[in-house]
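These notes are about the structure you will find just below.
What follows draws every value from the coordinates through simple rules; no lab data is involved. This one's a predicted model, so the numbers in the text were calculated from it and none came from an experiment. Neighbour counts are summed over all protein chains in view; Cβ atoms, including those assigned to glycine, are modelled from backbone coordinates with ideal geometry.
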Amino acid sequence: MLWDLNRQTFVRELPAKGHVDCARINDVTGEIAVCRGSRISLYTLNGALLLDQAVCESDDDQVMSCVFYEGVNNEWQERELLFTGHRRGVVNIWSKIVHNGRFEFELIRQLHHTDSSRDNGANISSGISCILTLPHVVYTGDEVGKVYEWSCVQRR
């Protein structure tokens, strides 16, 4: 359900396809990402479905957190980015593209929370519970309370 918090009124209901693990509204475009298990549905502000896509690599994975990168002061962006946090310390970065006349999410990068106590550099076993995107850095937090900082500035 979508509510207008300023007027304290019901706006509309999005189609129900199971329990919702997380949801996010893009303040710039008005698009709504709804994550259910291993799938993401993207809706317009008016409730029209733009895409519904499986985004997990394995059957036992699920989307635990999501956030849009909205830029600085509503700046124009070449790509619309969506970050999703998953089990076992993985953050996926998706770009919304048009493929064969339909919207799709394209995986452009993965961030891995690695366990420094292991010699093999494997990922941690806990899931990514929160993501904060800022202009030059991304912060990700996991279920055990560890926070990681990812620099977005490319240095030569």
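The residues CYS152, CYS35, CYS130, when put in order of fewest to most other Cβ atoms within 10 Å, stand as CYS152, CYS130, CYS35.
Counting other beta carbons within 10 Å of each residue's own, what order do THR114, THR133 fall into, fewest first?
Working: THR114 14, THR133 19.
By the 10 Å Cβ count, ascending, the order reads THR114, THR133.
Peptide packing: for 10-18, 43-51, 57-65, 88-96, the average count of neighbouring Cβ atoms within 10 Å per residue gives the ranking 88-96, 57-65, 43-51, 10-18, highest mean first.
Going from the fewest other Cβ atoms within 10 Å to the most, the residues THR9, THR140, THR29 appear in the order THR9, THR29, THR140.
Give the calculated FRET efficiency between GLU106 and VAL144 to the nearest 0.05, with a Förster radius of 35 Å applied to their Cβ-Cβ distance.
Details: r = 31 Å, r/R0 = 0.87.
For R0 = 35 Å, the calculated efficiency reads 0.70.
What shape does the chain have by the C-alpha gyration tensor, where a ≥ b ≥ c are the square roots of the eigenvalues, rounded means a/c under 1.5, and otherwise prolate means a/b greater than b/c and oblate the rest? Note, shape of the chain comes out prolate.
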